[in-house]
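A short worksheet on the structure shown next.
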Amino acid sequence: MAPIPTRPGPRWWVSGDLDGLLGLGLDNLIQILLILGLCRGLLGYPDALVFGTVLPATGISLVVGNLAYARQAYRLDQREGGSGRTALPYGINTVSLFAYVFLVMLPVKLAALAAGLSPEAAVTLSWQAGLMACLGSGLIEVGGAFVADLLQRWLPRAALLSTLAGIALGYIALGFLLRTYAQPLVGLAVLAVILVVYFGGVRLPLPGGLVAVLLGIALAWSSGLLTVDPLSWRQATQQLGLHLPRLQLGALWSARSELLPWLGVIVPMGLFNVIGSLQNLESAAAAGDTYPVRSSLLINGIGTVAAALFGSCFPTTLYIGHPGWKAMGARLGYSWVNGLVMGAACLAGAFGVIGELVPIEAGMAIVLYLGVVMAAQAFQATPRHHAPAVVLGMLPGLAGWGALMLKAGLRAAGAGTQALPFGPALLPPLERADVWASGVFALEQGLIITAMLLAALLVYVIEQRFLAAALCAAVAALAAWFGIIHAWRFDQADTVLSLGWGAGSPWAAGYGAMALVLLLTALWQRRRGIGRRPPDQGPTPATPARPAATARPR
C-alpha cells in the first residue's frame, strides 16, 4: 500500500522571504532615517536621546511586532496543516510619525522655548509629549481590538481617509516634492524609478525600492551632494555600541499633563490606525490569508505601547501591501528576520553610520509615493458621490501644513524673537496680501478632528441624512466652545491651542448656525415627506493594478 502523502508544514524561511526581507527592510530603513533626520534636525534632539533612548525603543517595538506576527502565521499554518501563509507586514506608522512630530512634538518645543525654558528643558518636554501621544495611540489600538466592528460601521470611510489624505498631501507629499526639486538630479531620477515600478508595474531583477535607493546613493555621491564630513562621521561612529532600552515610566508620568491638549491629534490618529488595520486584514483575506481580527489588532497595539514605555514617540502599524508580499513568495521569514535585523541595528547605534552613507534624498521618493497613494486611496476606496466630502476633509490638513510653512517663513525673516514676537500686528499686512492667516491658524488647531467632522457632515448631507449632519455640526460647536478645535493664541514664536470655557466662541457660534440650518432642513424634508437618498453604490470602479515588483510601502 502506497504511503499517504503528507502536506508540508510551515517553514520559518523559504527562498521568497529574501525578496520580502529586502522590501520590508527597506521600508523600515526609510522610516528610521526619517526619525533620525527629524529628531536631530527639526527637533534638535541630542544624540544621547536619539541613539540612547528613541531608537532602541523603536527597535524593541519592531522586534515585538514582527516576531509576534510571524508566530501567529506559523501557528495558524500549523493548525490548518498548510505552509503557504504570509505573515502580516508590520512597521513604523509613517502618518503618525509626521503627525506627532509636526502637530505635537514641534509645537511643544516651540511653546516651551517661547515660555523661557532652556533648549534642554524644551527638548525634554517635547519628547515627553511624543511619548504620551504614542502611548495614547497604542491604548486606543488595544481598545479598538474589542470594538473594531462597531467603529468600522459608524465612522464614514470618507471622513477617515480624507483626514489622512490631507496630512499625506501636505506634510508628506508636498514637503518631499519641494525637497525633490531642490535636489533635482537625485530626486527626479529616484522618483522615476519609483513611478515605473509602483505605478507602471515593471518588474526589475531587484526590488524596485532597493534599485531606487541604490541609484540615489550613487547619484548623491557622484554629484557631490553627499560627502564625508570628518566631524559627522566621528560622531556617527561614536554611537556604535550596545544601547539597551530602559523603561521610561517616570518620563510618562511627568508627561501626564500633556495628554489633554493633544487628544485632538491622538484620538483620531489612534482610530484611523484601528480602521486602517482592519482594511489591511481584509486585504490579506482577499489574498487567501485570513487572520483573527482581535489578536492581530492587539499585537499592533502592544507593539505601539512597548515603543512608548521604552522611550519611542512613534507608533507602529500593519502595512498595506500584504498581497504583494505574498505574490513574491514571502512567507514567515521576511517578517521575523526583518524584526531582528532592524532591532539589532537600533540597539547597536548603527543608523548614525547608515545615515551618513545613505542620504535621505535616496529614499524620499518612496515617501512621496506614499503620500500620493494615500491621497488617491481616499477617492478610490470611497463611493464616487462622496468625493466632495473627501476634498473638504483634505483642506484642514493642507491648511495646517500651510500654517507650518507660514510660521517657519516668519521666523526665518526674524520674527518670533523677544525683540519681534509674534502678535496681532502680523495679521493686517498678510490680509492686505490676501493671506488670511487668522483662518489658517484657526484650521491648524485640532485639524484632524475638524477634517473628520467636516467630511462626515458632508457625507451625511450628500446622503440627505440631515439630522446626522446637524449632529456633526453640534459636536464641532461643542469642541470649538471648549477650544479643542480652532481656538488659538499667539505665543512668542508660534500659534498654540487655547483651551478653556468659551475659548472658541466665534467658531462655536458658526457651527451652531450650521447645525440650525441642517436641523431646519431635516424638518422641512420630513414635512414634505421626502426620504433620504438611496445608499451608496460602493467605491468608484478602478482598473486592477498590475502586480508590482515589491509590495507598496506604508
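Let's see how each residue does on (1) free of Cβ contacts under 8 Å to residues at least 12 places away in the same chain; (2) within 15 Å of Gly270 (Cα to Cα); (3) among the basic types (Lys, Arg):
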| residue | (1), (2), (3) |
| --- | --- |
| Leu117 | yes, no, no |
| Met132 | no, yes, no |
| Leu160 | no, yes, no |
| Ile167 | no, yes, no |
| Ala173 | no, no, no |
| Gln183 | no, no, no |
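Return yes or no: is Gly510 within 18 Å of Pro424 (Cβ to Cβ) and modelled with pLDDT of 90 or more?
Details: within 18 Å of Pro424 (Cβ to Cβ): no; modelled with pLDDT of 90 or more: yes.
Criteria not met by Gly510.
Out of Gln492, Gln525, Gln537, I need the residue that is modelled with pLDDT of 80 or more and not in a helix (DSSP H, G or I). Which one?
Gln492
What's the number of the condition Val461 fails, among (1) crowded, with 23+ Cβ neighbours inside 10 Å; (2) assigned to a helix (DSSP H, G or I)?
That leaves (1) as the condition not met.
Determine, yes or no, whether Pro388 is in contact (Cβ under 8 Å) with a residue 40 or more places away in the chain, farther than 23 Å from Thr180 by Cα and part of a loop (DSSP other than H, G, I, E, B).
Spelling it out, it is not the case that Pro388 is in contact (Cβ under 8 Å) with a residue 40 or more places away in the chain, farther than 23 Å from Thr180 by Cα and part of a loop (DSSP other than H, G, I, E, B).
In the range 71-85, what residues are of a type in the set (Asp, Glu) and either in contact (Cβ under 8 Å) with a residue 24 or more places away in the chain or crowded, with 24+ Cβ neighbours inside 10 Å (or both)?
First, the residues of the range 71-85 that are of a type in the set (Asp, Glu): 77, 80.
Result: Asp77, single match.
Exactly one condition in (1) outside any helix (DSSP H, G or I); (2) out of contact with any Ser or Thr (no Cβ under 9 Å at 6 or more places or on another chain); (3) under 28 Å from Arg179 (Cα atoms) is not met by Ile354; state its number.
(1)
Search the range 393-416 for residues that are on the phi < 0 side of the Ramachandran plot and charged (D, E, K, R) and pair each with any residue that is crowded, with 18+ Cβ neighbours inside 10 Å and assigned to a loop (DSSP other than H, G, I, E, B) when their beta-carbon atoms are under 7 Å apart and the residues are at least 6 apart or on different chains.
Filtered contacts from the range 393-416: Lys407/Asp494; Arg411/Ala493.
Take the residues in the range 107-138 that are polar (S, T, N, Q) and assigned to a helix (DSSP H, G or I); name whichever of them is surrounded by the fewest Cβ atoms within 10 Å (Cβ to Cβ). Give the derivation first.
Let us first name the residues in the range 107-138 that are polar (S, T, N, Q), namely 118, 124, 126, 128, 137.
From what's left, assigned to a helix (DSSP H, G or I): 124, 126, 128, 137.
Numbers: Thr124: 20, Ser126: 27, Gln128: 23, Ser137: 34.
Only one residue tops the list, namely Thr124.
Conditions: (1) farther than 26 Å from Trp401 by Cβ; (2) surrounded by fewer than 24 Cβ atoms within 10 Å (Cβ to Cβ); (3) of a type in the set (A, V, I, L, M). Leu88 meets all but one. Number of the miss?
In the conditions (1) farther than 26 Å from Trp401 by Cβ; (2) surrounded by fewer than 24 Cβ atoms within 10 Å (Cβ to Cβ); (3) of a type in the set (A, V, I, L, M), Leu88 misses (2) alone.
Residues checked against (1) assigned by TED's automatic domain parsing to the domain that holds Gly166; (2) part of a helix (DSSP H, G or I); (3) surrounded by 18 or more Cβ atoms within 10 Å (Cβ to Cβ):
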site: Leu392; (1), (2), (3): no, yes, yes
site: Gly409; (1), (2), (3): no, yes, no
site: Gly414; (1), (2), (3): no, no, no
site: Ala419; (1), (2), (3): no, no, no
site: Val440; (1), (2), (3): no, yes, yes
site: Leu454; (1), (2), (3): no, yes, yes
site: Ala469; (1), (2), (3): no, yes, yes
site: Ala479; (1), (2), (3): no, yes, yes
site: Ile484; (1), (2), (3): no, no, yes
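Regarding Glu463, is this residue over 30 Å from Leu410 (Cβ atoms), of a type in the set (D, E, K, R), assigned by TED's automatic domain parsing to the domain that holds Met394 and in contact (Cβ under 8 Å) with a residue 24 or more places away in the chain?
Taking the combined requirement at face value, the residue satisfies it.
Pick out the one residue from Leu467, Leu471, Leu443, Leu478 that is within 24 Å of the chain's Cα centre (by Cα) and of a type in the set (A, V, I, L, M).
Working: Leu467 fails: within 24 Å of the chain's Cα centre (by Cα); Leu471 fails: within 24 Å of the chain's Cα centre (by Cα); Leu478 fails: within 24 Å of the chain's Cα centre (by Cα).
Matching residue, one of Leu467, Leu471, Leu443, Leu478: Leu443.
Need the failing condition index for Pro315 against (1) surrounded by 24 or more Cβ atoms within 10 Å (Cβ to Cβ); (2) within 13 Å of Cys134 (Cα to Cα); (3) out of contact with any strand residue (DSSP E or B) (no Cβ under 9 Å at 6 or more places or on another chain); (4) of a type outside the set (Val, Ile, Thr), just the number.
So Pro315 meets the others, but not (3).
Identify the residue in the range 238-270 that is among the small types (Gly, Ala, Ser) and in contact (Cβ under 8 Å) with a residue 40 or more places away in the chain and, among all such residues, is nearest to Pro396 (Cα to Cα).
Just the residues of the range 238-270 that are among the small types (Gly, Ala, Ser), to begin with: 241, 250-251, 254-255, 257, 264, 270.
Then keep just the ones that are in contact (Cβ under 8 Å) with a residue 40 or more places away in the chain; that gives 241, 251, 254-255, 264, 270.
Details: Gly241: 44, Ala251: 32, Ser254: 31, Ala255: 27, Gly264: 13, Gly270: 18 Å.
The qualifying residue nearest to Pro396 (Cα to Cα) is Gly264.
Yes or no: Leu103 modelled with pLDDT of 95 or more, at negative phi, in the same structural domain as Ser312 (by TED's automatic domain parsing) and not hydroxyl-bearing (Ser, Thr, Tyr)? So that I can check it myself, show each step before the final result.
Values: modelled with pLDDT of 95 or more: no; at negative phi: yes; in the same structural domain as Ser312 (by TED's automatic domain parsing): yes; not hydroxyl-bearing (Ser, Thr, Tyr): yes.
Answer is no for this residue.
From the list Leu76, Leu38, Leu42, Leu34, which one is farther than 27 Å from Ala122 by Cα and among the hydrophobic types (A, V, I, L, M, F, W, C)? So that I can check it myself, show each step before the final result.
Numbers: Leu38 fails: farther than 27 Å from Ala122 by Cα; Leu42 fails: farther than 27 Å from Ala122 by Cα; Leu34 fails: farther than 27 Å from Ala122 by Cα.
Answer to the check: Leu76.
Being assigned to a helix (DSSP H, G or I), of a type outside the set (Lys, Arg) and in contact (Cβ under 8 Å) with a residue 60 or more places away in the chain is the requirement here; does Gly41 meet it?
On the way: assigned to a helix (DSSP H, G or I): yes; of a type outside the set (Lys, Arg): yes; in contact (Cβ under 8 Å) with a residue 60 or more places away in the chain: no.
For Gly41, the condition - assigned to a helix (DSSP H, G or I), of a type outside the set (Lys, Arg) and in contact (Cβ under 8 Å) with a residue 60 or more places away in the chain - is not met.
The values are calculated or read from the model by the stated rules, or taken from the named source; none is laboratory data. These numbers come from a predicted model, not from an experiment. Neighbour counts run over all protein chains shown; Cβ positions are idealised from the backbone, glycine included.
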